Structure formats: structure tokens, C-alpha cells
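Please read the structure below before turning to the comments.
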Amino acid sequence: MERTFAMLKPGVLQRRIVGEVLSRFERKGLKIVGLKLMQMDRSLVEAHYKEHVGKEFYEKLVSYTLSGPVVAMVLQGDGVIATVRRLVGPTDVTNAQPGTIRGDFAYQTRLNIVHASDSPASAEREINLFFKEQELIDWEDGN
Ligand code: CMP
């Protein structure tokens, strides 16, 4: 079964909109199989964002990600990687349409409030960085 990783960035906690953002995933009917509040450390941030090392926004991205706790989650279901990316909207928030999470809650790309895996390979890598297999619960919803 397909899984993806999503992370609510520190601004979501600071703005008290964790519930509102989580509800976007839930009301779509997506299944949360892993969820935790955590303060990342620098080595985890560097591992998570390793493809961005050396870019001009990298240091600010690291310091923003360390500025408070994040909510890390794993969602599971057919096509969930693409579905979550559609709900979240594009990385460049100037292209994010109203109705998407970034379109509704972010106006700066640096503070785009949510991260979501962009491919099966990055989903697998990111899930393994943040979660142990025993922290993921593949529950039955009876539907
Ligand atoms: P995210 O999906 O978490 O993946 C990498 C992050 O880098 C991205 O969201 C943004 O927060 C940040 N980012 C990407 N491009 C830029 C940019 N041009 N300027 C500032 N931050 C960026």
C-alpha cells in the first residue's frame, strides 16, 4: 500500500492551525498511520533537506525548520503521494491556488508551512528518517 510523508512546519504550531491543516487531510478521507510532535535537531534537518544543501535559501530553511516543533505524519492509501501534493499545492506559493493548504495559509515560499514527499523514493526515504516501522499503525477503517 502506498505511503507518503508530510510535515507541518513550525509556523503551523506557532499560528495554532495544526487542527485546521490536519483536517484538510482527514476531510479528504486520507488515512493517518503515523503522527508525532517533535523538535527536530540539526542533523535530522540536514538529512531531510540534503538535496537543498548549497542553495541560497538553505540556511534560512534550516533555521526556520529548527525554530519550533513540527508535526510529522505518514498517510497511507492508493495514490496518496499525488493526492497529498495536490491538497498541499505547489512549493512556490505564488502559484498555490486558494483551496490548497499553501494557497490558503502561506504567502512566502520559505514559510510554505507544509512539506510533502514528491515521489515514491522520497516518501520511503523521509518516512524512514522520521519513523520506526513499529510507530506506524496500519488500522482497519471498515469502509
Ligand atoms: P519543502 O517542500 O519543505 O521543501 C524544501 C523547502 O525549501 C521548501 O518547502 C521551502 O520551504 C524552501 N524553499 C524552496 N524554494 C525556495 C525558495 N526559492 N526560497 C525560499 N525557500 C525555498
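The values are calculated or read from the model by the stated rules, or taken from the named source; none is laboratory data. Quantities reported herein were computed from a predicted structural model and do not represent experimental measurements. Cβ atoms come from the backbone with ideal geometry, glycine included; neighbour counts cover every protein chain shown.
Looking for something free of Cβ contacts under 8 Å to residues at least 40 places away in the same chain, surrounded by 13 or more Cβ atoms within 10 Å (Cβ to Cβ) and charged (D, E, K, R) - is there at least one such residue anywhere in the range 38-48? The answer is yes; a qualifying residue exists. Condition check for Glu124 on (1) modelled with pLDDT of 95 or more; (2) not in a helix (DSSP H, G or I): one failure, at (2).
Identify all residues within the range 92-113 that are of a type in the set (Gly, Ala, Ser) and closer than 24 Å to Pro69 by Cα; write none if there are none.
Hits for the range 92-113 are Gly103, Ala106.
What's the total number of residues in the range 99-108 that are crowded, with 16+ Cβ neighbours inside 10 Å and within 11 Å of the ligand (Cβ to nearest atom)? Give the steps one after another, and end with the answer.
Narrowing the range 99-108 to residues crowded, with 16+ Cβ neighbours inside 10 Å: 100-106.
This time we only want the ones that are within 11 Å of the ligand (Cβ to nearest atom), so: 102, 106.
Summing the residues that are crowded, with 16+ Cβ neighbours inside 10 Å and within 11 Å of the ligand (Cβ to nearest atom) in the range 99-108 gives 2.
Residue under question is Gly54, and the condition is that it be outside any helix (DSSP H, G or I) and more than 28 Å from Glu135 (Cβ to Cβ); does it hold? Judged against the criteria, Gly54 is a match.
Looking only at the range 59-98, which residues are within 8 Å of the ligand (Cβ to nearest atom), loosely packed, with under 14 Cβ neighbours inside 10 Å and in a helix (DSSP H, G or I)? Matches in the range 59-98: Lys60 only. In the range 117-143, the residues that are on the phi < 0 side of the Ramachandran plot and of a type in the set (Asp, Glu) form Cβ pairs under 9 Å with partners that are part of a loop (DSSP other than H, G, I, E, B) and surrounded by 10 or more Cβ atoms within 10 Å (Cβ to Cβ), at six or more places apart or across chains, as follows: Asp118/Thr91; Glu124/Ser117; Glu126/Ser117.
Being within 12 Å of the chain's Cα centre (by Cα) and either away from the ligand (no atom under 16 Å from the Cβ) or charged (D, E, K, R) (or both) is the filter here, so list the residues in the range 2-17 that pass it.
Hit for the range 2-17 is Lys9, nothing else.
Just to be sure before I move on: is Glu46 within 15 Å of the ligand (Cβ to nearest atom) and among the acidic types (Asp, Glu) in the structure I sent? Spelling it out, Glu46 is indeed within 15 Å of the ligand (Cβ to nearest atom) and among the acidic types (Asp, Glu). Within the range 125-139, is there a residue that is within 19 Å of Gly29 (Cβ to Cβ), surrounded by 19 or more Cβ atoms within 10 Å (Cβ to Cβ) and either within 12 Å of the ligand (Cβ to nearest atom) or of a type outside the set (A, V, I, L, M) (or both)? No, the range 125-139 contains no residue that is within 19 Å of Gly29 (Cβ to Cβ), surrounded by 19 or more Cβ atoms within 10 Å (Cβ to Cβ) and either within 12 Å of the ligand (Cβ to nearest atom) or of a type outside the set (A, V, I, L, M) (or both).
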